[in-house]
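Here the structure comes first, spelled out in structure tokens, and everything after it is commentary.
Just so it is clear, none of the values below were taken in a lab; they were calculated from the coordinates. Everything quoted here is computed from the prediction, not taken from an experiment. Glycine gets a Cβ as well: all are built from the backbone with ideal geometry, and neighbour counts include every protein chain shown.
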Amino acid sequence: MDNKVRGILIGRMQPIHKGHIQVIKKILDEVDEIVIGIGSAQLSHELKDPFTAGERVVMVTQALAEENIDPSRYYIIPMEDINYNAIWAAHVKLMTPPFSIVYSGNPLVKQLFEEEGYEVRNPPLFDRIHLSGSEVRRRILNDENWQELVSDSTVAAMAEIRGVERLKNLSVKEISDL
Ligand code: NAD
């Protein structure tokens, strides 16, 4: 199709945080373009997956714009999960621009792409203790400083969609669930 070297990074981005941004920058040092797959795109309004794929696309786009990353160097593609792990890598390939390098620290993701013959690279982890989606969501629920873990534009996007209220509401169990 063209001679560009593309890498892919798939993450749920619930929400995108500073670790994702650093790893995206690092990958862009190694390849011409990056495909950013928004994983589990069908999920939203759940404690572990509160934001819709569309909301996550906006948050990722704005966070990368805030970093002055050239928009012609990335594609943001929502990727729904499928029931069959054995054909997931083929499903990802079908839905994305051609790529040759897969960046992931997730053992299942690595295995599935390696079995399909892709080069898989382990991206460095940046302050993983604090920079993780689950830590951002935990701090939101506990009224701790989650804002320092994400971009300013993500804080603004969360305000626009009332993301904090959504997450807190999701954490309240209905009497019937107890
Ligand atoms: P994740 O959000 O935990 O992480 C995505 C990537 O971001 C990681 O591989 C890591 O490289 C990077 N990252 C995260 N925190 C970082 C930090 N602090 N510093 C540097 N890098 C950091 O996402 P995940 O769980 O790996 O996402 C995989 C997606 O693929 C999920 O949505 C999963 O459902 C999907 N999946 C689907 C199937 C299927 O449908 N059958 C199979 C396998 C995977």
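Scanning region 89-106 for residues that are farther than 26 Å from residue 155 by Cβ, within 15 Å of the ligand (Cβ to nearest atom) and among the small types (Gly, Ala, Ser) turns up 89, 90, 104.
Checking the structure you have, find out if any residue of region 139-151 is within 18 Å of residue 45 (Cβ to Cβ), crowded, with 16+ Cβ neighbours inside 10 Å and in contact (Cβ under 8 Å) with a residue 40 or more places away in the chain. No, every residue in region 139-151 fails to be within 18 Å of residue 45 (Cβ to Cβ), crowded, with 16+ Cβ neighbours inside 10 Å and in contact (Cβ under 8 Å) with a residue 40 or more places away in the chain.
What number of residues within region 93-134 are part of a loop (DSSP other than H, G, I, E, B) and of a type outside the set (Lys, Arg)? Residues flagged as part of a loop (DSSP other than H, G, I, E, B) and of a type outside the set (Lys, Arg) within region 93-134 amount to 21.
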